[in-house]
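All remarks here apply to the structure that follows.
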Amino acid sequence: MEHSLIILLFTVLLLLTTTPGTLSQPSPAVAPAPPGPTNVTKILEKAGQFTVFIRLLKSTGVANQLYGQLNNSDNGITIFAPSDSSFTGLKAGTLNSLTDEQQVELIQFHVIPSYVSSSNFQTISNPLRTQAGDSADGHFPLNVTTSGNTVNITSGVTNTTVSGNVYSDGQLAVYQVDKVLLPQQVFDPRPPAPAPAPSVSKSKKKKDDSDSSSDDSPADASFALRNVGSVCDAVSFCVMSVMLAWFYL
C-alpha cells in the first residue's frame, strides 16, 4: 500500500512539472523603450562633418532653443546645416569679427521655424522667414528655388545648393549645404533711406510772395531817385527864370 502511494505521488509530481503553464512560464516580451527627446546636436554628431556648426549651436545657445521648440511644440523645424568645409571657405577672421548678437543671428539664419520636406521646396513661398527674424527686404531674406531635383538657396550674399538630406522625421528636417548662409543684414547692410526734404507750407510761401511784392526792388528805387532829381532841377530853372525876368523889368 505504501509502495503504491509513493508511485502515485511521484506520478502526480511528474505531471505537474511537465504540464505547460503550471509551474514554469515564459517571461513576457519587454516593450521597447520610448524614443528620447529630439536632440539636434546629437543628430549632427552622428552624421559627422558638422563640428563647427555644432560648436556654434552650443556657444550661441541656439541648440537649447531648438531642443525646447522640438520637444514642446508641434510646429517643426528645418535646418540648413553647413559642413565643416563650408566654414573653411569663409574669409579668415569672419566669425571672430562678429559680435555675440551677430553670431546668434548667423546661426538662427540657418533655421526655418517650420518643417519643410524635400517635396515642399517646389511650392514654398519666398522669402522664407528664418529664426533670425523678419524676412522683409534687407531683414534676413532667404529665398529657395528648385530646378529639377536641385534646391537652390540665396541670401543676397550667399548662393548655394542643398547637397544632402541628413535627417527627417516629420517634425525635424536637416539638410546639408556646402556654403555658410551669410545674412544680408549682417554682412551687407543697406544704408538707410535718405530723409525726405522738408516741404514748404503754402501759407509760408504765400506770405513770402506777398512780402516780396510789397518791397521795392533796387531798380525801382533808383528810378524813383532819378525822377525826384529831375523835378528839383525843373523847379530851380523856373525860379531862376522868374528872378531874371523881374530884374529886367
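The values are calculated or read from the model by the stated rules, or taken from the named source; none is laboratory data. Because the structure is a prediction, the values reported are computed rather than measured. Glycine gets a Cβ as well: all are built from the backbone with ideal geometry, and neighbour counts include every protein chain shown. Just so you know, the surface numbers come from the protein's heavy atoms only, side chains and all, with ligands and any DNA or RNA stripped out. Shrake-Rupley method; radii C 1.70, N 1.55, O 1.52, S 1.80 Å.
Key figures for this structure:
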| quantity | calculated |
| --- | --- |
| Any hit, the range 137-153, residues being over 21 Å from GLY61 (Cβ atoms), in contact (Cβ under 8 Å) with a residue 60 or more places away in the chain and over 10 Å from the mean Cα position of the chain (by Cα) | yes |
| Residue satisfying all of: in the range 81-119; among the hydrophobic types (A, V, I, L, M, F, W, C), open to solvent by 30 Å² or more (accessible area, probe 1.4 Å) and not in a helix (DSSP H, G or I); nearest to TYR67 (Cα to Cα) among these | LEU95 |
| Candidate set: the range 153-183, residues that are in contact with an Asp or Glu (Cβ under 7 Å, 6 or more places away or on another chain) and not polar (S, T, N, Q); chosen: the one farthest from THR94 (Cα to Cα) | GLY156 |
| Count - residues of the range 60-80 that are in a helix (DSSP H, G or I), out of contact with any strand residue (DSSP E or B) (no Cβ under 9 Å at 6 or more places or on another chain) and open to solvent by less than 80 Å² (accessible area, probe 1.4 Å) | 4 |
| Test: ILE107 is in contact with a Leu (Cβ under 7 Å, 6 or more places away or on another chain) and modelled with pLDDT of 95 or more | yes |
